[in-house]
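What follows is one structure encoded as structure tokens, with my remarks underneath.
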Amino acid sequence: MMDLDYDFMISDLPTVVAGLPKTLMLTFWSMLFAMAMAVVFGGLILSRIAILRQSVIIINTFIKGVPLTVQLLFCYYAVPYIAKSFNGFLGYQYDPRHIPYFAAAVFALAANFGAYITDVVVSSMHAVDRGQYEAADAIGMTKFQGITHLIIPQAAVISIPSMTNYFIWLLKGTALASIVNVVEMLTTAKISAADGYQYLEAYIDAAVIYWAVCAGIEFAMGRFEHRIGFFMRQSERTITPISS
Amino acid sequence: MPTDLLQSVLPGLLRQVPTTLLYWFAPSAIALLLGTLLCIVRVGKHRALYWACTVFISFFRGTPGIVQIYIIFFGLPKLLWIVHVDIDGWPAGAYFIIATSLNLSCFVCEVLKGGYLGVDHGQIEAGKSIGFGRFQNFFRVIAPQTLQVSILNLKNLEIDVLKDTSVAYTIGAMEILGYANRVISNQFGVGQLWILGLAAIIYFILCALLELGFTAASHHMERHGRRS
């Protein structure tokens, strides 16, 4: 078989797993801000105010046309300047030895994925049947009530598969944060391998963990969607998806 | 942007555009072939091959591209050394192309599978009924219609691949972002944000051109269906 240090591969697994919480934190915060951005931007697109709508579309198009790597590096180089200008703001002390690279990575990831998730928000809102708006009118709900009580819950369920996809993409995307000095799982693997130059073994460990986590999330979200979408199962039976 | 920086950096960045396009085109071409083969297995009836492909695809979809690139970069020489093939002298770009091809073919397979399942089964029977053989049926009936259904998803994949060529610099392959990074470190960070902004604009233009190309292609493919 291959010339691999199997003992190191097994003994290194816990070390690499120790980097997983950092990766999950990075994913969590990025997803949170990305969804906040997507809701705001999606709302602006749906609001039909031409100038806001156009500017959101221009921003999103630009974000989508530029590699995540470039965005991460841009934030990485820009964060010292920004952190310096916030010196003394709300008790924040700028310290050149502790530059907030984690925050920079979160910003880059959130902006990048926020642009993609905006489309999910918009298309999910469009996917809700027009008749539901009329139903809200018919039972005397105001427009606001109709949107918050009827439309958004349905749009949220519709958006779960796409959101799960982007969440997994984001989880994988956080591996790129290793190039901007964020100590997440891939960086942990890299550091642990440096002593004996056993990089391949450490990277295989990391790959196995990423694989397990992504497969687990996919499975869990499938179950979750089935549970939470109970009130839409009626229509599920009539619509057969084109792709499996 | 300071004009002297523009004059000194822009030509160098533009000289790397062909490399970036190579890192985009080579995986795309290989993945179209490999992805089609995977797709044939995935919609076929051979159980053992089906499960082997499913695990393969699950791995490449469930792990970050950068980890795959690292594993190929460190692992492929070791793997080929078992059969006494020495590839240590290969350029880093070759490893990037191999890793990206494997990764992309899994995504292409899924997209094509979706497209294939979207093709009306009557079309395949119609092909058989007018006397097409298996290959004729594949190239004249199944492949064009599958491509037409999946072209929009393929476009998104290709744009992602074009952007992901920027990851190649992490294993030392030189392309647009790799060059930008080298200039930044040579200048000790002077004008780093301008240089990255310039690289971003070049990537944006390349993506826009690719998008236009795919839109034209999909219009061309739909030319028969538009009448109905």
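Any read-out appearing in this document is the output of simple, stated calculations on the displayed coordinates, not a laboratory observation. Nothing here was measured: the structure is a model prediction, and the numbers come from that model. Ideal geometry is used to build each Cβ from the backbone, glycine not excepted, and the neighbour counts take in all protein chains shown.
Against chain B, whose longest principal axis is taken from its Cα atoms, helix B:176-186 shows a tilt of about 20°. For chain A, the longest principal axis of the C-alpha atoms and the axis of helix A:68-85 are separated by about 80°. Working note: Karplus 6.51/-1.76/1.60 with θ = phi - 60° gives region B:209-216 the couplings 5, 4, 4, 4, x, 5, 4, 4 Hz, where Gly and Pro are set to x.
Summary of the geometry: region A:1-60 and region B:106-140, compared by the centres of their Cα atoms, lie 37 Å apart.
For B:THR3 and A:GLU218, FRET efficiency with R0 = 41 Å and r from the beta-carbon atoms, rounded to 0.05? Result of the calculation: an efficiency of 0.20. Residue-wise HN-Hα couplings along region B:7-19, as the Karplus relation 6.51 cos²θ - 1.76 cosθ + 1.60 with θ = phi - 60° gives them from phi, are 5, 7, 9, 4, x, x, 5, 5, 5, 8, 4, x, 4 Hz; Gly and Pro carry x. Shown for A:ASP119, B:ASP120, A:ASP205: other C-beta atoms within 10 Å of each C-beta, ranked fewest to most, produce the order B:ASP120, A:ASP119, A:ASP205. FRET efficiency for the B:TYR50 to A:ASP3 pair, using the beta carbon distance and R₀ = 45 Å, is estimated at 0.90. GNM remark for chain B: springs join alpha carbons under 10 Å apart, and the peak mean-square fluctuation among B:SER28, B:SER129, B:SER150 falls on B:SER129. Our coupling estimate for region B:84-97, obtained by passing each phi through the Karplus curve with A = 6.51, B = -1.76, C = 1.60 and θ = phi - 60°, is 6, 10, 9, 10, 4, x, 5, x, 4, x, 4, 5, 4, 5 Hz, Gly and Pro reported as x.
The GNM of chain A, with springs linking C-alpha atoms under 10 angstrom apart, assigns the highest mean-square fluctuation among A:PHE33, A:PHE102, A:PHE144 to A:PHE144.
Summing charges over all other residues whose Cβ lies under 15 Å from the Cβ of B:CYS207, with Lys and Arg as +1 and Asp and Glu as -1, gives -2. GNM on chain B, alpha-carbon springs under 10 angstrom: the most fluctuating residue among B:VAL67, B:VAL17, B:VAL161 is B:VAL67. Fewest neighbouring Cβ atoms within 10 Å first, the residues B:ARG134, A:ARG97 line up as A:ARG97, B:ARG134. Note on the protein assembly as shown: lysine pairs with Cα distance below 23 Å, sequence gap of 8 or more or different chains, count 14. Between the Cα long axis of helix B:65-81 and the first principal axis of chain B there is an angle of about 80°, rounded to the nearest 10. Shielding by partners for peptide A:68-80, expressed as the average number of C-beta atoms from other protein chains within 10 Å of each residue's C-beta, is 5.
Cβ crowding within 10 Å ranks A:THR174, B:THR165 as A:THR174, B:THR165, fewest other Cβ atoms first.
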